[in-house]
Structures are given as structure tokens and as C-alpha cells.
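Read through the structure below, which is laid out as C-alpha cells, and then see the notes.
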């Protein structure tokens, strides 16, 4: 399933792209679907985050979804298998080639496109019920611009889910020292601590994009069991859920109230 990319200039598309990050992920693109390779943590994580996303949107079946920074398609493909109509965008061409090939092998219907979030927002404004941006914001020069693009892609009433790493001593210890050097869960140099984002900073970016924060929760790894779980504590990996203001219908077709999470109430900020 292919689609012509918009006529945005190359320089504009690349404005919010770190070429070093793209090259880094292209170099290991062949390992995206190796369950014991460099992306093993994402395969361990994916059932947990897929379940979290599904719970947040009351099921994915029939919903239009876009995954920003989809890489090799681990999350995008799993959402498609859950019945969603999925678009995945990334600027790493080699990763997208792997994603398309794997989708052909598994019969997943995903529209993969090589373009930036900003370009996608120009092409598909207010088109998606669900917008996901996972483990991506800490790899771009301007995360606020990505969040604004996500807001522009979302329909009124849509749910947006972001995940990233907190900027704390514990996240440096666990996310870089532990994950890259001790446990070797990911390649050395995967993360740059200076690009980690505090929850309060992320929430302000989300609110500045015209969205309403509705939930925030932590993501925790157990190295003994090699498993992830979702729970309290935002001090390392965490999710923030937001909603775009607009008409939201519940299963009973009654308008649903948006429950907000005040930035000031967030701990581990």
C-alpha cells in the first residue's frame, strides 16, 4: 500500500531531523525483526505498550492511527493486526524497507511513508483517531515541533500517546549506563542524556500544542524476568496521554468528559 509523498522540499522535510540519528538507525535496520538483536527490548515492550494504547482508546479496531517515527514497524504492524488502519512514517529509508518487507510477509496492511511529522501534518491534517509517538522525541532537534505536528494530525477528540525518557540521575543510570553498557539491551550511543525530557517539560509542550493531558504513567523494566510493566513512577521511561479538544463519543454515544492531569501535580518532573 503506497502513497505519493507531498511536494514539500527536501530541506523543509529535513529541518527537524538529526542526520546522525537517521544514519545510526539505518546501520542496524536489518535487525528490526530479529527477536534477539539490537531491538529485542522493543519486542519485549511491544505487547505492553500495545495493550496500553488499546486500553486508552477503548480498542483499536476500525480506528485510523498514525505512528510517528515508526522505524521497522514493530508497533505499527501490531496495531494493524489489531484491526486499525495504520500509517507509519519515518525518515530512515532502510528501516522503512524492512518494515514494508515484513508487512508483506505477515499480511499486515500498513501505509509506510518516508517523511517528517511536519510534512505529514500538511498532507493529512485532522485525519487520525490515534496518534502515537514512541521513543522518538529524544532523537530529534525540536520535540515541540513534532508534538505540534502530532496535534495537527489528530482529529478533534483524538487520543495522542507519547513516550520518552525522563531527565534524571536514575534515567541516566538505567537508560544509558545500565541499558547500553551493563545489560547491553541497546547499542552504545543509542541515547543522548541531554535530549531526555522531563515530564513537566513534555506536558507543557503538549498543552502549548492545544492538547489536554489526560494521563501519565511510568514504564519499568525487570532485568531478571526480562519484562516490562506499566505503573507509578515517571523517573525513567514514561508515557503521557493527551486528547485533542472536540466532540468525543463514548460507547453509549454520549459526549465523554476529558479528565485533565495538571502539570503542577506531576512528580518526577
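The values are calculated or read from the model by the stated rules, or taken from the named source; none is laboratory data. Computed from a predicted model, the values in this text were never measured in an experiment. All Cβ positions, even for glycine, are placed from backbone atoms using ideal geometry, and neighbour counts span all protein chains on display.
Structure notes:
- Index of the failed condition, residue 118 passing every other in (1) in a loop (DSSP other than H, G, I, E, B); (2) over 24 Å from residue 214 (Cβ atoms): (1)
- Restricting segment 238-269 to residues that are in a strand (DSSP E or B) and at pLDDT 95 or above, the residue that is farthest from residue 36 (Cα to Cα): 243
- Restricting attention to segment 168-204, the residues that are on the phi > 0 side of the Ramachandran plot and part of a helix (DSSP H, G or I) total 0.
- Residue satisfying all of: in segment 168-197; at pLDDT 90 or above and buried (at least 18 other Cβ atoms within 10 Å of the Cβ); farthest from the chain's Cα centre (by Cα) among these: 168
- Of the residues in segment 206-229, at least one is surrounded by fewer than 20 Cβ atoms within 10 Å (Cβ to Cβ), part of a helix (DSSP H, G or I) and touching a strand residue (DSSP E or B) at 6+ places or on another chain (Cβ under 9 Å).
- Selection from segment 18-36 of residues that are over 21 Å from residue 104 (Cα atoms) and modelled with pLDDT of 90 or more: 36
So that you can scan it fast, the table gives a plain yes or no per residue for (1) at pLDDT below 95; (2) closer than 15 Å to residue 209 by Cα; (3) buried (at least 24 other Cβ atoms within 10 Å of the Cβ):
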site	(1), (2), (3)
79	no, no, yes
139	yes, no, no
144	no, yes, no
150	no, yes, yes
154	no, yes, yes
158	no, yes, yes
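- The residue of segment 114-134 that is surrounded by the most Cβ atoms within 10 Å (Cβ to Cβ), among those that are under 16 Å from residue 205 (Cα atoms) and in contact with a strand residue (DSSP E or B) (Cβ under 7 Å, 6 or more places away or on another chain), is 131.
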